[in-house]
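S.K.: Next up is a structure, given as structure tokens.
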Amino acid sequence: MPDQYAVIGNPVAHSRSPQIHAEFARQTGQDLTYERLLAPANGFMEAVKAFQARGGLGLNVTLPFKAEAFGYATRLSGRASAAQAVNTLKFEDDAVFGDNTDGTGLIGDITHNLGRDIAGRRVLLLGAGGAARGVIMPLLLQQPASLTLANRTLAKAQALQQTIGAGLEVSTYAELAGRQFDIVVNATSASLTGALPQLPSGLFAGGALAYDMMYGVGETPFLAFARVEGAAPLADGLGMLVEQAAESFFIWRGLRPDTAPVLKLLRQTAV
Ligand code: NDP
């Protein structure tokens with residue numbers, strides 16, 4: 001029987017992770033299966049335990065369960081501890097190892113695939129959920145000129161600032177009026193429902209990168225807004241997805257797949 005892995009979330013039907021991990025497995029000659037697990041909103045732990053009980057070896061965790069996965073893990077990586085969010089679980093004999101590969105994925109996509117420096121740039125991060133938490137420390141390690149986190153619910157952003165400390169500035173959307181940024185990353189789930197965070201006009205500096213972590217839905221409301229506001233280039237989160245998946249694959253299998261052909265294939269088979 002092949003080794004079993006899955007992505008767990010709600011919703012999860014849109015996830016391209018099964019296709020990515022199937023490609024990684026084919027490329028590296030690994031015998032494994034990778035499925036989608038839809039967990040009820042209040043049934044994360046039960047769904048994980050059931051998967052473990054039928055021999056599952058590891059899970060990717062997507063919204064809205066990254067904080068619960070953090071609580072479920074019994075051993076954490078440094079980056080998962082810093083993020084207080086887990087997107088990768090590995091079931092070991094005597095422990096559940098939790099890691100967070102979202103930051104590595106985002107940084108790899110921006111700096112390697114898109115060829116953009118983060119160092120010295122003014123970066124705006126929208127959202128304060130699991131995805132945002134996972135990328136704050138990795139973004140700060142790139143030494144941007146500034147990192148501003150804006151969220152609809154300011155209290156959540158302020159709570160994150162208390163954890164992170166110096167280096168992270170927080171803001172409401174309205175307070176962003178009159179400011180400009182070189183990189184704007186949408187880490188809200190607004191695009192999932194076709195919504196747009198209530199952003200003021202004029203946020204994008206000349207040549208600013210607009211990055212939506214959402215993928216697979218064509219031009220999101222955020223990217224449409226960014227285009228009209230003059231941002232260029234525009235990027236969806238497919239590259240981040242492939243890069244974070246490669247890091248998860250490495251955690252589970254000890255092998256680093258080549259991401260470029262997989263990203264190219266996904267773009268060709270866009271749904
Ligand atoms: P969470 O549910 O943990 O967080 C949701 C965040 O979105 C909160 O900050 C929430 O604000 C905000 N939000 C939701 N709706 C709106 C809205 N209409 N207007 C403004 N803000 C809104 O989700 P995650 O952090 O796990 O995921 C966020 C997104 O990132 C998802 O689209 C997910 O698919 C994507 N993602 C992509 C990855 C990739 O590899 N490409 C990896 C990880 C995530 P509030 O606090 O006010 O409720």
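The values are calculated or read from the model by the stated rules, or taken from the named source; none is laboratory data. These numbers come from a predicted model, not from an experiment. Cβ placement follows ideal geometry from the backbone for every residue including glycine, while neighbour counts extend to all protein chains displayed. Heads up: the accessible areas ignore ligands, DNA and RNA and are worked out on the full protein's heavy atoms, side chains in. Shrake-Rupley method; radii C 1.70, N 1.55, O 1.52, S 1.80 Å.
S.K.: If r is the Cβ-Cβ distance from L192 to D93 and R0 is 35 Å, what FRET efficiency results, to the nearest 0.05? List each step's numbers first, then the result.
M.R.: Numbers: r = 37 Å, r/R0 = 1.05.
The pair L192/D93 has a calculated efficiency of 0.45.
S.K.: To continue, here is another question. I'd like to know which of A226, L125, P11 lies farthest towards the positive end of the charge dipole of the chain, counting +1 on Cβ of Lys and Arg and -1 on Cβ of Asp and Glu.
M.R.: My answer, from the dipole projection, is A226.
S.K.: Quick check: Cα centre of the stretch 235-259 to Cα centre of the stretch 79-142, how many Å?
M.R.: With the stretch 235-259 and the stretch 79-142 each reduced to a Cα centre, they are spaced 12 Å.
S.K.: Which peptide among 247-253, 82-88 comes first, and what is the full order, when sorted by highest mean count of other Cβ atoms within 10 Å?
M.R.: Working: 247-253: 21.7, 82-88: 26.1.
Output ranking for 247-253, 82-88: 82-88, 247-253.
S.K.: Can you give me the Kirkwood hydrodynamic radius for the chain, using every pair of distinct Cα atoms, in Å to one decimal? Display every interim value, and only then the final one.
M.R.: Working: mean 1/r = 0.0532 Å⁻¹.
Across the chain, the inverse of the average 1/r is 18.8 Å.
S.K.: Just subtract the alpha-carbon distance of S146 and Q19 from 0.36 nm times their residue separation and send over the number in nm, one decimal. Please list the in-between numbers first.
M.R.: Working: separation 127, 0.36 × 127 = 45.72 nm, distance 3.61 nm.
Extra length available between S146 and Q19 comes to 42.1 nm.
S.K.: Same structure, new question: Each label point is 7 Å from the Cα along the Cα-to-Cβ direction; what then is the distance between the points at Q180 and R256, in nm?
M.R.: Going by the 7 Å Cα→Cβ label model, 3.7 nm.
S.K.: Charges on Cβ only, +1 for Lys and Arg, -1 for Asp and Glu, centred on the Cα centroid of the chain; of L76, A22, G237, which one is farthest towards the dipole's positive end?
M.R.: Positive-most Cα among the choices belongs to G237.
S.K.: Hey, another quick one. Of all the accessible heavy-atom surface of the chain, with the other protein chains kept in place and a 1.4 Å probe, what percent is carbon and sulfur? Walk me through the intermediate numbers first.
M.R.: Details: 6010 of 11560 Å².
Answer for the chain: carbon and sulfur cover 52 percent of the accessible area.
S.K.: Rounded to the nearest 0.05, what FRET efficiency is calculated for A50 and V217 with R0 set to 41 Å and r the Cβ-Cβ distance? It would help to have the intermediate numbers written out before the result.
M.R.: Values: r = 30 Å, r/R0 = 0.73.
E between A50 and V217, to the nearest 0.05, is 0.85.
S.K.: When the dipole is taken about the Cα centre of the stretch 62-136, and only Lys, Arg (+1) and Asp, Glu (-1) are charged at their Cβ, what size is it in debye, to the nearest 20? Let's see the in-between values first.
M.R.: Details: 8 positive and 8 negative charges, 85 e Å.
It comes to approximately 400 debye.
S.K.: Ok, one more. Roughly how many Å² is the accessible area per residue of the chain, as a whole number, for a 1.4 Å probe?
M.R.: Details: 11560 Å² over 271 residues.
Computed with neighbouring chains in place, this is 43 Å² per residue.
S.K.: To the nearest 20 Debye, how big is the dipole of the stretch 115-232 about its Cα centre, given +1 on the beta carbon of each Lys and Arg and -1 on that of each Asp and Glu?
M.R.: Value, rounded to 20: 140 debye.
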